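Visitor: Mind looking over this structure? Questions follow.
The values are calculated or read from the model by the stated rules, or taken from the named source; none is laboratory data. Note that this is a predicted model, so its numbers are computed, not measured. Reconstructed Cβ throughout: ideal geometry from the backbone, glycine too, with neighbour counts over all protein chains shown. Ligands, DNA and RNA are stripped out before the accessible areas are found, and what is left, the full protein with its side chains, is counted by its heavy atoms. Shrake-Rupley method; radii C 1.70, N 1.55, O 1.52, S 1.80 Å.
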Amino acid sequence: MKAIHYSANGGPEVMTYGDLPDPVAGPEAIVIAVAWISIEGGDLLNRRVTPPVRVPFVPGYQASGTVVAVGERVTRFKVGDRVVGFNWNGSHAELFEVPEHYAYAVPADLDLRLAATIPVAFGTAHDSLFEYGGLKEGETVLVQGAAGGVGLAAVQFAAQAGATVIGTASSAERLERMQLFGLHHGINYRTDDIAARVHEITCGRGVDLVIDLAGGKGKEALVQSLRGHGRYAVVGASSGDLPSFGFFELIRKAMHAVGISFGRDMHTPRAHRLLADIMHQIGDGTITMPIDREFHLSEAVEAHRYVADGHPFGRVVMKAASA
Ligand SMILES: NC(=O)c1ccc[n+]([C@@H]2O[C@H](COP(=O)([O-])OP(=O)(O)OC[C@H]3O[C@@H](n4cnc5c(N)ncnc54)[C@H](OP(=O)(O)O)[C@@H]3O)[C@@H](O)[C@H]2O)c1
């Protein structure tokens, strides 16, 4: 099969397009003929900082397509089924092996291109807001990095749940566009004082929940924006720097910090039910994910560069042979 692979961490240029052996379905796994690959924020973070577990290493969390092989203990899928799958690596390829418990059926009314963007972004956003973030109707949430994949999913879910939604992005155009997705108040993280704006918007009260997708130094303003006993969901580090919390930072506001790892929940029946419901909501247009740009798998270097530097709105996808 054709695949993208690398042997050492670094920028997009460490990736090569070439031939690798086809994956074989393990007893509890399926192999997907890949149609569409969604480039996830975590794919970039892994390429930069996570040492490859084997080389050559095929990156990528998530892709949709058609099942072409099933392991002997697989019960939920057969050859020909349309699915979207997750694995800790391997999606940047024409064939993608995923454990059955990380595979999700794609309803007939949902196209595979959009389906490729669903499990990680929408599942992470939903769990960060509700399962672990405890967001309730009438509360206020601040989403740092709101115009990316997880961010836009979070904005839509939070607005749908009757929360007041504050989001940050790098330009006024992006913040304005997010209003169509339910954003109530936009803050430009490059030019505005986030904590001061939140203070204004919440009449000094602070937000109930922070969803931090960017990490790094921006975290200090997010902590300042939180009310006493507020909740802080530590989700991502798209700024390129990992966040860390000081002792007094945590206790000054009796803050609840919760780490999110949707990958630890994705195999559970709860997550399967949640994702099935989300796919139906996306199928009927209640919520969506804008696809900013398409590339071919062979253009992965350019595609990763665009995701890192081009400020895409929503998701960037790559097309593989079976699309
Ligand atoms: N813990 C988990 O289970 C989990 C699951 C999924 C993703 N993640 C992580 O969550 C993060 C976001 O994922 P994603 O897929 O949504 O990524 P994405 O689509 O690439 O979006 C990242 C967003 O971060 C914003 N950003 C970058 N630097 C920023 C800064 N200094 N301050 C504020 N915002 C900044 C960008 O906004 P602008 O373009 O407007 O600058 C961009 O919209 C990634 O780090 C990913 O690894 C974690």
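Visitor: Can you show me the helix-derived [θ] at 222 nm for the chain, built from DSSP H runs with n ≥ 4 at -39,500 (n - 2.57) apiece and divided by the number of residues, rounded to the nearest 500. Don't skip to the answer; put the middle values down first.
Guide: Numbers: 10 runs with 87 residues, N = 323.
Estimated from H runs of four or more residues: -7500 deg cm²/dmol.
Visitor: Using the Cα centre of the range 121-262 as the reference point, and only Cβ charges (+1 on K/R, -1 on D/E), how large is the resulting charge dipole? Debye, rounded to the nearest 20. Could you put the intermediate results ahead of the total?
Guide: On the way: 12 positive and 14 negative charges, 35 e Å.
The dipole magnitude comes to about 180 debye.
Visitor: Further question on the same structure: As I understand it, the dipole of the range 121-262 uses +1 on the Cβ of Lys and Arg and -1 on the Cβ of Asp and Glu, about the Cα centre. Which of Ala196, Val150, Thr168 lies farthest toward its positive end?
Guide: Ala196
Visitor: For the charge dipole of the chain, defined by +1 on Lys and Arg C-beta atoms and -1 on Asp and Glu C-beta atoms about the Cα centroid, which residue among Gly206, Ala323, Leu274 has the Cα displaced farthest towards the positive pole?
Guide: It is Gly206.
Visitor: Straight-line reach only, C-alpha to C-alpha below 14 angstrom: list the aspartates and glutamates that Lys217 could link to, leaving out same-chain residues fewer than 8 apart.
Guide: Result set, ordered by chain and number: Asp193, Asp241, Glu249.
Visitor: Continuing with the same structure: Once the cut-off is 18 Å, how many percent of the Cα-Cα pairs in the range 121-262 end up in the long-distance tail?
Guide: Details: 4776 of 10011 pairs.
That tail contains 48 percent of the Cα-Cα pairs.
Visitor: Starting from the Cα-Cα distance between Asp241 and His101, subtract it from 0.36 nm times their residue separation and give me the gain in nm to one decimal. Can you show the working numbers first?
Guide: On the way: separation 140, 0.36 × 140 = 50.40 nm, distance 3.15 nm.
Extra length available between Asp241 and His101 comes to 47.2 nm.
Visitor: To make sure I understand the rule: partners must be lysines, Cα under 24 Å from the Cα of Lys319, and not fewer than 8 residues away in the same chain. Which ones qualify?
Guide: Lys319 reaches Lys2, Lys78.
Visitor: Now for a different question. Once you charge only the Cβ atoms, +1 for Lys and Arg and -1 for Asp and Glu, what is the size of the charge dipole of the chain about its Cα centre, to the nearest 20 debye?
Guide: Working: 28 positive and 35 negative charges, 109 e Å.
Its charge dipole is roughly 520 debye.
Visitor: May I ask for the angle, rounded to the nearest 10°, between helix 300-309 and the longest principal axis of the chain, with both axes built from Cα atoms and the value confined to 0 to 90°?
Guide: Around 0 degrees separate the two axes.
Visitor: Expected output is a single nm value to one decimal: the length gained when fully extending between Arg205 and Ala8, i.e. 0.36 nm times separation in residues minus the C-alpha distance. What is it?
Guide: Details: separation 197, 0.36 × 197 = 70.92 nm, distance 4.66 nm.
Result for the pair: 66.3 nm of gain on full extension.
Visitor: Check Ala257: other-chain or 5+ apart residues with amide H under 5 Å from its amide H, H built from backbone geometry?
Guide: Close amide H contacts, sequence-distant or interchain: Tyr232.
Visitor: Could you tell me what percent of the accessible area of the chain is made up of carbon and sulfur, with a 1.4 Å probe and every protein chain present?
Guide: Details: 7110 of 13490 Å².
Solvent-exposed carbon and sulfur of the chain make up 53 percent of the total.
Visitor: Please give the Cα centre distance for the range 93-169 versus the range 202-263, rounded to the nearest Å.
Guide: For the range 93-169 versus the range 202-263, the Cα centre distance is 19 Å.
Visitor: Can you tell me the accessible area per residue over the range 121-262, all protein chains present, probe 1.4 angstrom, in square angstrom? All intermediate terms of the calculation are to be shown ahead of the outcome.
Guide: On the way: 6020 Å² over 142 residues.
So the range 121-262 comes to 42 Å² accessible per residue, rounded to a whole number.
Visitor: Determine by what factor the alpha-carbon radius of gyration of the chain differs from 2.2 N^0.38 Å, reporting the quotient.
Guide: With N residues counted in the chain, Rg over 2.2 N^0.38 Å equals 0.98.
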